[in-house]
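Since every read-out is calculated from the coordinates, none of them should be taken as a lab result. Note that this is a predicted model, so its numbers are computed, not measured. Please note: Cβ atoms are built from the backbone with ideal geometry, for glycine as well, and neighbour counts cover all protein chains shown.
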Amino acid sequence: MQRLSTAIAKKIHHGHVLVHDSQIIQTLRPPCDVFISHRGVETKRSVAGLLHNFLSLLGVRPFLDVRSLKPGDKLLEEINAAIYGCKVGVAVFSPRWCESWFCLHELALLVEAKKRVIPIYCDVEASQLQVDDAQHSASDFLRYRHALEEAKSNVGLSFYSSQGDWSKLVRDASDAVLHNLLEAEVEKPQL
């Protein structure tokens, strides 16, 4: 994929600024451009955190629970709103990702809302990701399994922390996000 520059990233539409009676009024914009789903214990201080920081530097509005939520926020309400408001989702899959109800819920919501999902396989192969039917109701199991299969059908990035180049992963993931954001802007219906 061709390297995307900061200049291209700035072309992504983030809302309008209107000037009226010497006041600057910023229109409402989605809570985020990119929703980063991750299993915090395994990736918040590595892949997810680094990606959030790099995207922020590029002027993209990423949502990462540990960085975007503040005390007193309603956890599920904020997560759901961020997913519905985003244009692209990043699923940072890790060895125990499928054990997290939040991760499964987030991915299912991203798929159901027809968001673009970029998978990043961190220290795990796609084939190793399985939803345990004993842990969920029958309807939730089917919902989560469908979402996981949908995400696994997308081209993703693979990374092994013991031998990988972290800066290359963050650059490649950021490029994938920017590319998908630009495509989402082009596909967005004009009002």
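A few notes on this one:
- Length gained when the stretch Glu149-Asn53 is fully extended (0.36 nm per residue, less Cα-Cα span): 31.7 nm
- 20 Å Cα-Cα threshold exceeded, pairs from Lys115/Lys188; Lys114/Lys152; Lys87/Lys114; Lys70/Lys152; Lys74/Lys115: Lys70/Lys152; Lys74/Lys115
- Each peptide in 145-151, 86-92, 105-111, 160-166 gets a packing score, the mean of other Cβ atoms within 10 Å over its residues, and the list from highest to lowest is 86-92, 105-111, 145-151, 160-166.
- Fully extending the segment from Glu125 to Asp172 would add 15.1 nm, taking 0.36 nm per residue of separation and subtracting the current Cα-Cα distance.
- Separation of alpha-carbon centers, region 154-190 and region 57-133, rounded to whole Å: 14 Å
- Spacing of the two label points (7 Å from each Cα toward its C-beta) at Trp101 and Phe141, in nm: 1.7 nm
- Each Lys and Arg contributes +1 and each Asp and Glu -1, all at the Cβ; summed about the Cα centre of region 104-161, the dipole is approximately 300 debye.
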